[in-house]
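Questions regarding the structure given below will be posed in turn.
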Amino acid sequence: MAVLLLGEVNDGELALDPTAKAVNAAKALGEVTVLCAGASAAAAGAAAAKIEGVAKVLVAEHPALSHRLAEPTAAMIVSLAGDYSHIMAPATSDAKNVMPRVAALLDVMVISDVSGVVDADTFERPIYAGNAIQTVRSKDAKKVVTLRTSAFKAAGKGGPAKVETVDVPGDPGLSEWVEDKVAESDRPELTSAGVVVSGGRGVGSQGDFALIEKLADKLGAAVGASRAAVDAGFAPNDWQVGQTGKVVAPELYVAVGISGAIQHLAGMKDSKIIVAINKDPDAPIFQIADYGLVADLFQAVPELIEKL
Amino acid sequence: MKVLVPVKRVIDYNVKVRVKADGSGVDLANVKMSMNPFDEIAVEEAIRLKEAGTADEVVAVSIGVKQAQETLRTALAMGADRAILIVAAADAHQDIEPLAVAKILKAVIDEEQPNLVLAGKQAIDNDMNATGQMLSALLGWSQATFASKLEVNGDNAVVTREVDGGLQTIKVKLPAIVTVDLRLNQPRYASLPNIMKAKKKPLGEKTAADYGVDVSPRLEVVKTAEPEARQAGEIVPDVDTLVAKLKERGVV
Ligand SMILES: Cc1cc2nc3c(=O)[nH]c(=O)nc-3n(C[C@H](O)[C@H](O)[C@H](O)COP(=O)(O)OP(=O)(O)OC[C@H]3O[C@@H](n4cnc5c(N)ncnc54)[C@H](O)[C@@H]3O)c2cc1C
Ligand SMILES: Cc1cc2nc3c(=O)[nH]c(=O)nc-3n(C[C@H](O)[C@H](O)[C@H](O)COP(=O)(O)OP(=O)(O)OC[C@H]3O[C@@H](n4cnc5c(N)ncnc54)[C@H](O)[C@@H]3O)c2cc1C
């Protein structure tokens, strides 16, 4: 058995954390070959070659592969698929865009957001916003799988594995990139941060969200938000934590002014320690919090910042 | 322009999900079912395209049990022009996998020839996030997933997508599949007169066999289990105690 694993490459750089977590989940299934695809991907390939458990790296460079558009990226992966029993990727928004397309082109089912690898055919995945964990056994000849990174530890350093370049089928010409709006930040990345501070509707305004950010900076944390806070414009979309946002499992998760709707819990309930600050003693978030503080956040958060 | 909107009947998002004691799945007997929330957003967007004069017909399609008729009536009450139900399961517990759904949708699309398909980004029951992408692959069409903004101009659509790093805008050739995200719009409620009117709108019915699609699953469900429950911890009286506890645990 052999695994082709799509490395997470952004603007020519390897996102090490999600890729190393996916490698760790995949390596029990067979020899792992990491594919780094992009307009430029050689540097990413060199970085991937140093992940423990990687046997080989394939570098695919072509202008059509920039910005990870689904159609050319899926065609690229399918052109390599013959040699592998498993095609896997960390469940990033790029992979969620591409991998179902790959699966359909191969006439197999995709197995999305896998949180546990049981054996070569059998996988666990959360369904119903994490209210149930389903174990599924695939009858398909090839398995196309995305891996929920918060469920796996990152593989360490190793290698270097050998790096080869591969031919690119080219551009089907169905879509083109227009622009990216990416907020630059010095804060850690949300899905790999050790500490996450999230704000909800209770924060009240975009201006007051600065309080959440200040607490985050004090803790060296990434900033998250509930859907309600994003919908209201307090926070950008890529901060949303939950069933339909990002899934995080940091050492410490601090939820401020968040009620604890099931869709929010789906994205953070595997955090090691959960702290909730909410003025409503009956807020459901307290049912899963390790430490709950019933207080007005506008008093508690400044005090917390001062005392930390 | 014709817009096709696949809508899925799912457990209502407010219902507390219970796993069956025998581990065979989630108990759907006598629970409230609704249209997948993402699909409401897709229907809304299609209707807005019609109201803006960009689209001239909106067709809603559902694949599943007979009762998905109710979901289609909701789409019609919101403003869709007609609906197609493809009966493919006898029981709500028998869910149809995205690959089979995509194959059936492809057959419907071959007949209907829409220029745009607006689907939900994911169904909130199985959270697969796959059907739109699979359909797009089978048709060889362009795809734009996780849309928070959609602009249709002639033979292309400009779509802003919610991605991990922020927002990405792409231009796709029509016909295309667009899957919609939460912030694309705020779906309307159907008014009572429109609910009444919807009862008279055409709702065609077919079966998966009519399209020659094999819906037998590729993924066998071995078991369905409750996740490990998290215990509630303690309520701390003040910020000082909170800081002390966190220091004790070594996280600050
Ligand atoms: C299809 C679908 C998908 C969804 N996906 C997600 C998702 O991915 N992520 C997500 O988060 N949600 C998601 N939701 C939304 C979810 O159901 C909730 O509506 C949302 O999480 C609520 O956000 P909130 O807790 O910030 O707001 P609210 O529920 O309004 O809670 C605000 C809380 O703030 C407290 N508060 C107010 N003022 C103060 C104060 N001064 N001091 C202290 N506390 C205060 C209140 O007591 C209250 O508990 C989804 C919903 C649907 C239908
Ligand atoms: C209780 C339970 C029992 C199950 N039993 C089985 C089983 O016996 N065999 C088996 O193989 N699998 C079973 N499954 C797994 C299941 O079949 C797939 O995982 C599931 O179909 C994933 O699809 P999704 O709805 O998440 O699609 P997504 O890809 O997340 O859906 C995205 C969008 O596609 C469109 N769409 C999706 N489905 C439809 C539809 N039916 N009609 C119209 N539009 C649609 C909608 O626009 C939707 O928003 C079961 C799952 C559960 C929870």
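The values are calculated or read from the model by the stated rules, or taken from the named source; none is laboratory data. Computed from a prediction, not measured in an experiment: that's the story for all the values here. Cβ atoms come from the backbone with ideal geometry, glycine included; neighbour counts cover every protein chain shown. These accessible areas exclude ligands, DNA and RNA; they are computed on the full protein's heavy atoms, side chains included. Shrake-Rupley method; radii C 1.70, N 1.55, O 1.52, S 1.80 Å.
Contact order normalised by length for chain B, with contacts defined as Cα pairs under 8 Å and 6 or more residues apart; what percent is it?
23
Along the principal axes of its C-alpha atoms, what lengths does chain A span, in descending order and rounded to whole Å?
For chain A, the Cα spread along each principal axis is 59, 38, 37 Å.
Calculate, axis by axis, the spread of Cα positions in the protein assembly as shown along the three principal axes, and write the results as whole Å, longest axis first.
Reported extents, whole Å, longest axis first: 66, 63, 50.
Please check which bits of the range A:238-280 a label hung off A:LYS181 would reach, taking the label as a point 7 Å along Cα-to-C-beta and the cut-off as backbone N under 16 Å.
Label zone hits: A:238-240.
Let me ask something else about it. Roughly how many debye, to the nearest 20, is the charge dipole of chain B about its Cα centre, given +1 on each Lys and Arg Cβ, -1 on each Asp and Glu Cβ, and no other charges?
The dipole of chain B has a size of about 460 debye.
Where in the range A:66-98 does the amide nitrogen come within less than 17 Å of the point 7 Å from the Cα of A:THR165, taken along Cα to Cβ?
Output list for this probe position: A:66.
For the range A:2-165, what is the Kirkwood hydrodynamic radius in Å, using each pair of distinct C-alpha atoms?
Across the range A:2-165, the inverse of the average 1/r is 15.3 Å.
May I pose another question? Rolling a 1.4 angstrom probe over the protein chains, ignoring ligands and nucleic acids, what is the accessible area of A:HIS67 in square angstrom, nearest 10?
50
A follow-up question, please. Out of all DSSP beta bridges in the range B:2-248, what portion is antiparallel? Express it as a percent rounded to 5.
40
Moving on to the next point. Please list B:PHE38, A:PHE298, A:PHE234 in order of solvent-accessible area, largest first, computed with a 1.4 Å probe with all protein chains present.
A:PHE298, A:PHE234, B:PHE38
Working with all protein chains in place, sort A:ILE288, A:ILE133 by solvent-accessible area computed with a 1.4 Å probe, largest first.
Listed by decreasing accessible area, they come as A:ILE133, A:ILE288.
Please enumerate, by chain and number, the aspartates and glutamates with C-alpha under 16 Å from the C-alpha of A:LYS143, excluding those fewer than 8 residues away in the same chain.
Filter leaves A:GLU31, A:ASP83, A:ASP107, A:ASP113, A:ASP119, A:ASP121, A:GLU124, B:GLU97, B:GLU220.
If you don't mind, another one. Excluding same-chain residues fewer than 8 positions from B:LYS245, which lysines have a Cα within less than 16 Å of its Cα?
A:LYS272, A:LYS307
Another question, then. Using a 1.4 Å probe and ignoring any ligands, DNA or RNA, find the accessible area of B:LYS50 and quote it in Å² to the nearest 10.
Counting only protein heavy atoms, B:LYS50 exposes about 70 Å² to solvent.
Note the per residue figure in Å³ for the convex hull of the C-alpha positions in the range A:190-307.
Once divided by residue count, the hull of the range A:190-307 is 84 Å³.
Ok, one more. Structure shown: which of B:LYS103/B:LYS171; A:LYS27/A:LYS181; B:LYS16/B:LYS121 lie over 32 Å apart, alpha-carbon to alpha-carbon?
Listed pairs above 32 Å: A:LYS27/A:LYS181.
Along Cα→Cβ, 7 Å out, is where each label goes; now give me the distance between the ones at B:ALA244 and A:LYS139 in nm to one decimal.
The answer from the label model is 6.1 nm.
May I have the convex hull volume per residue, in Å³, for the Cα set of the range B:2-248?
185
Go ahead and estimate [θ] at 222 nm for chain B from helices alone: -39,500 (n - 2.57) per DSSP H run with n ≥ 4, summed, over the residue count, rounded to 500.
Taken over chain B, the calculation gives -8000 deg cm²/dmol.
Rounded to the nearest 10 Å², what accessible area does B:ILE195 have for a 1.4 Å probe in the complete protein model?
Number for this one is 70 Å².
For the cross-link pairs A:LYS96/B:LYS223; B:LYS32/B:LYS206; A:LYS139/B:LYS149, which exceed 32 Å when the distance is taken from alpha carbon to alpha carbon?
As for pairs spanning more than 32 Å Cα to Cα, those are A:LYS139/B:LYS149.
Let me ask something additional. Which residue, B:VAL221, B:VAL152, B:VAL61, tops the fluctuation ranking in a GNM of chain B built on C-alpha contacts under 10 Å?
B:VAL221
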